[in-house]
Every structure is written in structure tokens, then in C-alpha cells.
Amino acid sequence: MPERFDVIVLGTGPAGGVVAKECVAAGLSVAAIDKGDFGGTCPLRGCEPKKVLVDAADAVARASNMQGNGVTGNFGLEWPSLHRFQRSFVEPIPKAVQHSLHKAGITTVQGVPVFTGANTLSVEGRQFEAEHIVIATGAQPRQLPVPGNDLALTSDDFFHLSSLPSRLVFVGGGFISFEFAHVAALAGAEVSIVHRSERVLRPFDPDLVARVEEASRQAGIRIYKDTPVHSLSEDGSEVVLTAGPEGTQRFVADAVVNAIGRVPSIDGLDLENAGIEWSEHGVRVNEFMQSVSNPAIYAAGDVAEPGQALTPVAVMHAETVVHNILNGPSKTADHSGTAATLFTYPPLARVGMLESEARETDPDCVVKHRHSENWSEYQRLGQQYAGYKIVFSGDRQRVLGAHLLGDGAEEVANVFALAVRKGLSVASLQDMLWAYPSFGYTLRHMLG
């Protein structure tokens, strides 16, 4: 006989944890199954350990920028110590998460789940059945589709480097490459980014991305665009990467990091046994985060199609799923006003629509684009690259999109996210008595 539960959750990251705890709190019987360590992508091999590295690198960059303005001394990153510090955040998490789930009354199972029917699973010989199964298995590194790809480190591997290679090549032009490249460059490595097409950092405003590229080059990072990778090979202790339209460019490094992105972690689940439709972008769901082909199944977070690989989005998905399990499909996922930040130095943030997207929905939209490194907020820090682009509705009463470059961008973006999501008017934002001097107060300049 199978072990029966009201809800089974696959994955124990931010999405899975929320579903499991809120469902058990509502009186349902819940099991949480994870094929790996408990905790999920963000806490174990994503945003949380990354931010430990980024904050240390930012401290060095900021202090270096202020040299000659009252700040003296030599600053740098000591990688082995930083690595140990980063691991001190990560290593306690699996045990703490599992204990927290147990304490809440959730049955935990560690092993690889495989669907055996519409609402049944097998986990290494144990059989399970539930009224609802929630897939929240997150994402995993995308495989580099070239010969010798096994020679490349993954983004997950980067977090386990106890010593930093002297020469690093990052393959890919997205979040992972740029954020890790900035950290590695500030730690003294020789760093290159190799990207297959002309445009990098596609989710962000291209005008501000161009300035991130300038800042990256000033930090010593070499950026090679329109340079598709052809192969990887070994030459003694070195890794050789060939790239370019004809495969004639040669990069020699101590390590190559595959940072071309992540894909939904659905391999091995045997979704077809449950009649679950999926694509390379994840489990296909409707507006209620429910499978389009099996109403017993929900999906949340990075594994759901369509979606955004952001922790706040995963949590919003999870809360949507919980509501619909408890009350029937009635609450829809709302992605409006989602904020995203690239944690390079300086950071680049985005809220709402790109200029190109806004012009499709509101051809009369108004765009204000300025450099802002001459503002005192940035001059105090020696920040050389700062700017913004605000996309207003045609009547200039609402913010459709906000794009920010410079220190504090991620925090100012949160204010814009509130405005976009809740439909706050420009006038109401201007009416606020913001703290001064602060990055938040700069909204008055941007909106004026």
C-alpha cells in the first residue's frame, strides 16, 4: 500500500518550503521529498552564497574607488578565507531546513522521486500517493553543448573552489558570468567572458548594460561577444577553449566555468507517467500554477513555465499554489512589478517593462534616460558608472518601467516595484518625504 498524503511537495527550496509549511499549517498532511540536500537552489548554490561573495567584492571595490578621498590602505580579497566564510552560511542549511520541516509536522524523504501515475510516486522503493503533488524542484546548470564540456566547471562548482584559479574563462553573457567575473577579478584573477552573440545581459536595459560592460572592462574583465564556443580540451593542467564563428580563437585558462544559465530540474521525474506536459522551459501551467494536463499537479518556482528564476517569484508562485489547493483554482499568479538585480559593481536593477516592451503597449510612453555619476550620492563613493532610465505612461502619471545603475540600485528598485505593482501615481511618489541624503531620495530627481 502506498503512503498517502493530502499534499506531496517535490523540492524544499523557497517555493517547496512555503507550500509544505503553509499546507501543513492549514491542517493537511504533507510530505516533502528532495533528491539532494534540503534547502534548494537559492540558499545552497544560488543567490545567498553568491551575495556573500558579492558583498565582500563590493567592499573592496568601494574602498578602492575612494582612495585619495580620505581612504588609505591596500584592499583585496583573500580567497581561502572568503570561501570558508561563504561555506559557513551554506553548510548548516540542509540540517536546519530538514529540522524545521520535521518540527512543523511534515514528513521528509530524501531520494529521487519518479512519477508512476497521475498522483502517485516512487522514491527508491517507497510508494506515495497524494491528492495534490507540487513540483518545486528548481533548476540545474544547463549543459554546454560542445565537445569536452565535462572539462568545464558549473556555476555550482564555483562555490566549492577553495582556491581561485589564476586564469578564468566564463562562458555565457548572463547574470552568472558577470556576477562571478566581477568577484573573481576583484580577487585578482585574470578573467574573460565569452558569449555567443552580440548582446549580453538580455533581461536588462541595453543602454545601461553598455555601461556595465564599460565598468567590467575597467575592472580588468575581457568581454568577447559574437564568440560562440566550439570545444574544450586539456593541455596538461590547462584548459583550452576554442571559439569564434570559425572556431579559430583560442583561450587558455586554469579553469573554464559553464555559466550559460540554468534549466528546469525535471530530468528523471518521468513526468509522462503522470500525463504532465512540459517543455525545455519547465512544467506547463495555467494562470493558477496548475498543470495544463493534470489537475492534481501544480508547479512553482524555476521549474514552472513560464517563469522568472527569482526567489520572490518562487515564493509568490508557492503562495498562489497554496491558496488554490485550499480553495480550488481561483487565485492567479501576478508577476507585475517584479524587481531583478544584477549584482556586479556597480549593480544594475530592473523593474517592470523595458523601453522596447513599453512602446509596444503604449506607443506614446515617455522615456527619461540620464547619467547620474555626477550626483553627490555617487561622488561621495567615487562611483564612476551610474545612471537610470524611467519609462512613464504617455500621460506621465504612471511608471511602466525603471532601470537603475549604481550603488543602492537594488533598494531603490524595490520602491519602484511597489509603485508598479500597486499602481501608485508619480505624484504620490513625489509627495513622499524620503530620508535625505539617501539613494531613496534620488527618486525625486528621476521622476522630476
Provide a single number: the residues in segment 130-147 that are touching a strand residue (DSSP E or B) at 6+ places or on another chain (Cβ under 7 Å) and closer than 29 Å to ASN294 by Cα. 12
So, VAL322, is that one among the β-branched types (Val, Ile, Thr), within 30 Å of VAL24 (Cβ to Cβ) and outside any strand (DSSP E or B) or not? yes
Failed criterion for ILE260 (all others in (1) in a loop (DSSP other than H, G, I, E, B); (2) out of contact with any His (no Cβ under 6 Å at 6 or more places or on another chain); (3) surrounded by fewer than 22 Cβ atoms within 10 Å (Cβ to Cβ) hold): (3)
Being within 25 Å of LEU28 (Cα to Cα) and not β-branched (Val, Ile, Thr) narrows GLY282, GLY328 down to just GLY328
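The rows are residues; the columns are (1) surrounded by fewer than 17 Cβ atoms within 10 Å (Cβ to Cβ); (2) outside any helix (DSSP H, G or I); (3) among the acidic types (Asp, Glu); (4) assigned by TED's automatic domain parsing to the domain that holds PHE343.
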| site | (1), (2), (3), (4) |
| --- | --- |
| ALA15 | no, no, no, no |
| LYS21 | no, no, no, no |
| ALA31 | no, yes, no, no |
| GLY36 | no, yes, no, no |
| PRO43 | no, no, no, no |
| ARG62 | no, no, no, no |
| PHE75 | yes, yes, no, no |
| GLN86 | no, no, no, no |
Within segment 98-112, is even one residue over 30 Å from ASP270 (Cα atoms) and surrounded by fewer than 20 Cβ atoms within 10 Å (Cβ to Cβ)? yes
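Residues in segment 270-283 that are in contact with a Phe, Trp or Tyr (Cβ under 6 Å, 6 or more places away or on another chain) and either hydroxyl-bearing (Ser, Thr, Tyr) or surrounded by 18 or more Cβ atoms within 10 Å (Cβ to Cβ) (or both): how many?
Residues in segment 270-283 being in contact with a Phe, Trp or Tyr (Cβ under 6 Å, 6 or more places away or on another chain) and either hydroxyl-bearing (Ser, Thr, Tyr) or surrounded by 18 or more Cβ atoms within 10 Å (Cβ to Cβ) (or both): 2 in total.
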Could you check, for segment 157-164, whether at least one of its residues is buried (at least 21 other Cβ atoms within 10 Å of the Cβ) and either within 30 Å of THR344 (Cβ to Cβ) or without any contact (Cβ under 8 Å) to a residue 24 or more places away in the chain (or both)? yes
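Hey, can you tell me all the residues within segment 415-448 that are basic (Lys, Arg) and over 27 Å from the mean Cα position of the chain (by Cα)?
Of everything in segment 415-448, just one residue is basic (Lys, Arg) and over 27 Å from the mean Cα position of the chain (by Cα), namely ARG444.
The values are calculated or read from the model by the stated rules, or taken from the named source; none is laboratory data. Predicted model, so just to flag it, every value in this text is computed and none were measured. Every residue, glycine as well, gets a Cβ built from its backbone with ideal geometry; the counts of neighbours run over all protein chains shown.
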